[in-house]
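Participant: Handing you this structure, nothing more for now.
The values are calculated or read from the model by the stated rules, or taken from the named source; none is laboratory data. Small disclaimer: the values here were computed from a predicted structure and weren't measured. FYI the Cβ positions are ideal-geometry reconstructions off the backbone, even for glycines, and counts take in every protein chain you see. To get the accessible areas, we keep the full protein, side chains included, count just its heavy atoms, and leave off ligands, DNA and RNA. Shrake-Rupley method; radii C 1.70, N 1.55, O 1.52, S 1.80 Å.
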Amino acid sequence: MRAPEIVIPDALQHDLDRFYRFLSSEKQFSPHTLDAYKRDIERCLKFCIEQGANQWSDLDEALLRRHLAQQHRQGIGGRSLQRMLSALRRLFHFLQVNQRLRDNPAAQIRAPKSEKRLPSVMTPDTLNQLLSTHTEDPLEIRDHAMLELLYASGLRRAELISLDLMDIDWQQKNLRVLGKGRKERLCPFGKSAEKMLEKWIKCRESIANSMEKAVFVSKRGERISASSLASRLKRLCKQKGIEQRVYPHLMRHSFASHMLEASQDLRAVQELLGHAHLKTTQIYTHLDFQQLASCYDAAHPRAQKKKGE
């Protein structure tokens, strides 16, 4: 028999709706981040309601710790738990400011540390294999134009999808991009991306709906979706015999790593990526060091193991 669905009481839901509006309008959260906050908060609240907590004052540190422990046992990683705690702390602080809650029950809770994983990247050879094309099919031209921009400009998936025609500066060869926190930046693109983008714009005229502003559209003529971008990329990799798991954000990782390796200019790469904090960009310095270390182990006479060791 199916368990009854847990419903959040109206009073709590009213406060949640106010909080979500605050994040959207005042804090300028992206829809993607806001959805992640909603999922984390509502999952936690439903657990607490199931335990008999039906108002904010019923929530305490012990109850929240039980929820986190349950999530951890179910295989939720440290980074996801940290995000959940961040969402809960922000919610409870909002409730405190609005005199709906006296204390912040999540203030002293720390999530388990997760192992830091370096992002994967594609080699230049694999990228050349992926990006090379002589196709005249309009949708494949679109796909290659999207991939060229992802790699040429280090765009996030949402940034690419949200591009409008007016965001392209053909003369200066850059894109006006709206990134996280609704922060605007200019992203340059090179000759290969320019060539493929021009080719796509010519094809686009016969596909896009008359009032559509999006640069990249589906075969129905409307702005392409994130799922379509991912599935088209997967399809293209299969066609070209690329065995590495390739996804849109991998193009951004590859852009960052290759730019940093070539320029050694961390601040410039930070600006190009639109990172708010330098420490976010610094992960690519560790990745670069990992590549250097592998090269050292393979090449240095005193680093190589002797037979039988």
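Participant: What are the residues in region 160-181 that are surrounded by fewer than 22 Cβ atoms within 10 Å (Cβ to Cβ) and assigned to a helix (DSSP H, G or I), if any?
Facilitator: 161, 165, 166, 167, 180, 181
Here's the yes/no breakdown for (1) assigned to a helix (DSSP H, G or I); (2) open to solvent by 20 Å² or more (accessible area, probe 1.4 Å):
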site: 33; (1), (2): yes, yes
site: 41; (1), (2): yes, no
site: 45; (1), (2): yes, no
site: 52; (1), (2): no, yes
site: 63; (1), (2): yes, no
site: 68; (1), (2): yes, no
site: 71; (1), (2): yes, no
site: 79; (1), (2): yes, yes
site: 101; (1), (2): no, yes
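Participant: Let me ask something else about it. Mind checking which residues of region 1-59 are under 24 Å from the mean Cα position of the chain (by Cα) and among the polar types (S, T, N, Q)?
Facilitator: Once the filter is applied, which keeps residues that are under 24 Å from the mean Cα position of the chain (by Cα) and among the polar types (S, T, N, Q), region 1-59 yields 24, 25, 28, 30, 33.
Participant: Now for a separate question. If you scan region 201-219, which residues turn out to be closer than 20 Å to residue 157 by Cα and open to solvent by 100 Å² or more (accessible area, probe 1.4 Å)?
Facilitator: Passing the criteria: 213, 219.
Participant: I'm checking my understanding of the structure. Among residues of region 108-159 that are of a type in the set (Gly, Ala, Ser) and in a loop (DSSP other than H, G, I, E, B), which one is modelled with the lowest pLDDT?
Facilitator: Of the residues in region 108-159, the ones of a type in the set (Gly, Ala, Ser) are 111, 114, 120, 132, 145, 152-154, 158.
Now restrict to residues that are in a loop (DSSP other than H, G, I, E, B): 111, 114, 120, 132, 154.
Working: 111: 71, 114: 58, 120: 76, 132: 89, 154: 84.
That would be 114.
Residue by residue, here is whether (1) in contact (Cβ under 8 Å) with a residue 40 or more places away in the chain; (2) touching a helix residue (DSSP H, G or I) at 6+ places or on another chain (Cβ under 6 Å) holds:
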site	(1), (2)
141	yes, yes
144	yes, yes
149	yes, yes
152	yes, yes
165	yes, no
170	no, no
175	no, yes
184	no, no
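Participant: Just to be sure I understand the filter: pairs with C-beta atoms under 7 Å, separated by 6 or more residues or on different chains, first member in region 195-215 and under 18 Å from residue 169 (Cβ atoms), second member of a type outside the set (Val, Ile, Thr) and open to solvent by 40 Å² or more (accessible area, probe 1.4 Å). Which pairs pass?
Facilitator: Listed pairs, sorted by first residue: 213/165; 214/223; 215/165.
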